[in-house]
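Below is one structure, written out as structure tokens; comments come after it.
Here, each number is a calculation from the coordinates, and none is a lab measurement. Keep in mind that what you see is a predicted model, and the values were worked out from it rather than measured. Neighbour counts are summed over all protein chains in view; Cβ atoms, including those assigned to glycine, are modelled from backbone coordinates with ideal geometry.
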Number of protein chains: 2
Amino acid sequence: MARTLALCFALMLSACSVAAPAQAESLLTTKQRFSMPSYKTVGGRTIKQLQVGWESYGKLNAAKDNAILITHYFSATSHAAGKYHPDDAAPGYWDAIIGPGKAIDTNRYFVISVDSLANLNVYDDNVITTGPATINPDTGKPYGLSFPVVTIKDFVNVQKAVLESLGVKKLHAVIGPSMGSMQAIEWAASYPEWVPRMISVIGAGDSDAWTTAALEQWAIPIRLDKNWANGDYYQGDAPVDGLAASLMLITQQALTPAFFNQQGEQLDYHPLETGPLNSITQQHSIVKWLDSRARSRAAKMDANHLLYLVRACQLFMAGYGDNLKQSLAAVEAKSLFLPASTDLLLMPYMAEKAHKQLLENGKDSRYSELSGQLGHLEGVLRIAEQADTIQAFLQY
Amino acid sequence: MARTLALCFALMLSACSVAAPAQAESLLTTKQRFSMPSYKTVGGRTIKQLQVGWESYGKLNAAKDNAILITHYFSATSHAAGKYHPDDAAPGYWDAIIGPGKAIDTNRYFVISVDSLANLNVYDDNVITTGPATINPDTGKPYGLSFPVVTIKDFVNVQKAVLESLGVKKLHAVIGPSMGSMQAIEWAASYPEWVPRMISVIGAGDSDAWTTAALEQWAIPIRLDKNWANGDYYQGDAPVDGLAASLMLITQQALTPAFFNQQGEQLDYHPLETGPLNSITQQHSIVKWLDSRARSRAAKMDANHLLYLVRACQLFMAGYGDNLKQSLAAVEAKSLFLPASTDLLLMPYMAEKAHKQLLENGKDSRYSELSGQLGHLEGVLRIAEQADTIQAFLQY
């Protein structure tokens, strides 16, 4: 079990899961491109020639009423399931629950996911996004910090435009983990007539003071990097050190002592390692592991995009009202919250707050915790534990 | 209660405590200087002309057997109790339990504390320390990164030299919070004949892989600051931004969502504040609060000293053996562990591990948790909750 979890993690958050049954061959999928000539943000700014990528699994039926939207997490893309090529190293992150005969059954549902604006993995060949690294059509240069602040509701609005372009007028359900949970509940609050069912995994209904401050800690290392240059680094060296530092922090906060100490055992970690004892510039084995993992992931990411995603999450209250009670008043969806008991990043109290507010508002809401020792990443790597709950909820 | 806790915190970790009874007038104390012509570190390097500050409360008796050593936490100094002048804004951090008639009764005990090597508050007039900001007598310039790596055991060895200079040959007890808890248990493991009683508050017996990685996150922002210049910044601008970033992270990890959200209420925090919605360079109220607090504290601190303290904590296993069982084998002390239930920085499992290992080794060890919502800082700001337990243990 311990080794399996480490292996799962080594595969870069791919969809292996210790609780998943033996899987049939993976789905194949292809990245699609969606364009809008102009989009107006929640903050009132205009983005010209907006483009995002999307992908889907299963078929949209004739009535176009079998769509399930998957909203992705902070460091993810729309690659929620399947493979682009049969020989891909790993399928999308929730492949354990999306596919033929799985909890989110692609024989039954048209499952679709959309790359976020300012997607972190902008240099991944399979990602299409618009953000600060995009060329501003008015200047012919990357936007940098002149890109407008975008919000979770902007992500939702763009997803809605993608769905409308396919003729969809109502979802069967919207489901997402972490930052994806913010989009899911935003859908339910802002477009209630679209959303009969909403599942929030390792989620939140708003960003409280604690979360907004914690998110800021992810942004700070990037702004400290001398190469960041107020976001105007596209002609020179990118702020890779700052970006890697941010990813190190995110990775640790998304996991747990139990995971790190198990990883430490595999590295023969000891507090008295000779290198760091002899030199202030040497690092412990566990730090080297965390650092090298972060640098490897950073290769496909853009530092400014991370800043914009941080801001989108900070600026979040589902429904964008004065308070959560008012914000969630319009929700018509049946809701299901699946936080992780050991989550240190979005602790269960966050999901519980939204769940309780929905109940107080007289809505239909359910709550169940993912168990296990992976913290926040329970909602990505071990989602199959709740496969039956999700499957039943989709038919409820 | 809520407002009282915020006020306590605003007073910069001074010794106000919601559970403390009305206090008599504060003790007065004076910083003393201790010098060693030469000290050899655990890592085998030599520090010439080592100096540290110390202070005491109460009187050493004729038999010199009534000394209680207080070992301080990461961002603290030897100012554990009392005031330097009657008009000081606040007394030392544990004044709630140290003084005449208090849990650590200065009518009965000679209570002493010593500034750590590489003390963080090197520019505080009441701190005397030797670290990377100190002038190297061989070169006439600040050591910077040429200062040897120092360990928790080095702190202990210097404290032992201070005590020996006063004629003390055995302690009545050693007590410390957080990094101070590491020194306390180190004393018990390395110099068992000196330590009949040890109290570990919000503590640990070793730095596990999780803690070593978490500590590294505190160091990273400093190394990213362009002014850091590999630690050789004493002729130019100090890396204040990096140091402040580190303090922001430490402050958040030492507290809790409950505290931050209460602070947020006082700031009228809302996720949709206009500034951050309109501009990526603007910050939320809670971030500004955290930032300004960190910058204010940074004024008396040195960034390299923070790096050296991080390393000292990373390189920690009480007794410096191959494993904790062996490391703690020599302990003779009766031990008391007081972790905080809501601690997110050194979670209770850390203290529990050391406590259980002592029990397995056949030692006398007790364990009780501080309650309350201040997380790690319960052990500093609300220690009075355990005053009776501490008082009784000192007479056991």
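What list of whole percents do you get for P(r) of the range A:300-360, with Cα-Cα distances grouped in 10 Å bins up to the one holding the largest distance?
With a bin width of 10 Å, the distribution comes to 18, 39, 33, 10, 0.
Looking at the range A:24-141, send over the antiparallel percent of its DSSP beta bridges, to the nearest 5.
65
Show that you can apply the helix-only estimate: for the protein assembly as shown, add -39,500 (n - 2.57) for every DSSP H stretch of four or more residues, divide by all residues, and state [θ] at 222 nm to the nearest 500.
-10000 deg cm²/dmol
Using the Kirkwood radius over C-alpha pairs as Rh, can you work out the diffusion coefficient of the range B:273-315 via Stokes-Einstein at 20 °C, viscosity 1.002 mPa s, in µm² per second?
169
Using a Förster radius of 56 Å, what is the FRET efficiency between B:Asp125 and A:Thr139 based on their Cβ-Cβ separation? Nearest 0.05, please.
Working from the Cβ atoms, E equals 0.60.
Hey, with R₀ at 22 Å, roughly what FRET efficiency would A:Glu360 and A:Tyr396 work out to, going by the Cβ-Cβ distance, to 0.05?
Working from the Cβ atoms, E equals 0.55.
Using alpha-carbon pairs under 8 Å, 6+ residues apart, how would you state the relative contact order of chain B in percent?
Relative contact order comes out at 19 percent.
Which parts of the range A:165-209 would a label at A:Asp88 reach, counting a residue when its backbone N lies under 18 Å from a point 7 Å out along Cα-to-Cβ?
Output list for this probe position: A:177.
Tell me which residues come under 5 Å, amide H to amide H, from B:Val201 once H is placed; ignore anything under 5 positions away on its chain.
So B:Val201 has HN proximity to B:Gly176, B:Ser178, B:Ser181, B:Leu338.
Determine Rg/Rh for the protein assembly as shown; Rg is computed over alpha-carbon atoms and Rh is the Kirkwood hydrodynamic estimate from the same atoms.
Looking at the protein assembly as shown, the ratio lands at 1.00.
What's the Kirkwood radius of the range B:60-175 in Å, using all Cα pairs?
By the Kirkwood definition, the hydrodynamic radius is 15.6 Å.
For the protein assembly as shown, give the share of DSSP beta bridges that are antiparallel, in percent and rounded to the nearest 5; count only bridges with both residues there.
The antiparallel fraction comes to roughly 40 percent.
For the range A:106-238, restrict the atom set to alpha-carbon positions and state the Rg and Dmax in Å.
Cα-based Rg and Dmax for the range A:106-238 come out at 17.2, 51 Å.
List the residues, sorted by chain then number, that are 5 or more residues from A:Leu50 or on another chain and whose placed amide H is less than 5 Å from its amide H.
A:Met36, A:Ser38, A:Tyr39
Quick check: convex hull of the Cα atoms in the range A:217-325, volume per residue, rounded to a whole Å³?
Dividing the Cα hull volume of the range A:217-325 by its residue count gives 150 Å³.
When the Karplus curve 6.51 cos²θ - 1.76 cosθ + 1.60 is applied with θ = phi - 60°, which whole-Hz ³J(HN,Hα) does each residue of the range B:371-380 get, with x for Gly and Pro?
8, x, 10, 8, x, 3, 6, 3, x, 9
Which net charge results when you count Lys and Arg as +1 and Asp and Glu as -1 among the other residues whose beta-carbon is under 10 Å from that of A:Met350?
That works out to -3.
Which order do B:Arg295, B:Arg311 fall in if you start with the one that has the fewest other Cβ atoms within 10 Å?
Least to most surrounded, the residues fall as B:Arg295, B:Arg311.
Could you work out the percent of alpha carbon pairs in the range A:285-396 separated by over 26 Å, rounded to a whole number?
So the pairs more than 26 Å apart make up 36 percent of the total in the range A:285-396.
How big, in percent, is the set of alpha carbon pairs in the range A:30-76 lying more than 12 Å apart?
When all Cα pairs of the range A:30-76 are counted, 75 percent exceed 12 Å.
Just to be sure I understand the model, the point goes 7 Å from the Cα along the line to the Cβ. What's the resulting A:Leu267 to B:Asp268 distance in nm?
4.6
Can you give me the Kirkwood hydrodynamic radius for chain B, using every pair of distinct Cα atoms, in Å to one decimal?
Every distinct Cα pair counted, the radius reaches 21.3 Å.
Whole angstrom only: what separates the Cα centroid of the range A:157-211 from the Cα centroid of the range A:253-301?
36
Across peptide A:274-283, what mean number of C-beta atoms from other chains lies inside 10 Å of a residue's C-beta?
Mean shielding count: 6.
Quick one: Debye curve from the C-alpha atoms of the range A:335-396, no solvent, what's log10 I(q)/I(0) at q = 0.11, 0.15, 0.16, 0.27 Å⁻¹?
For the requested q values the scattering log ratios are -0.25, -0.45, -0.51, -1.11.
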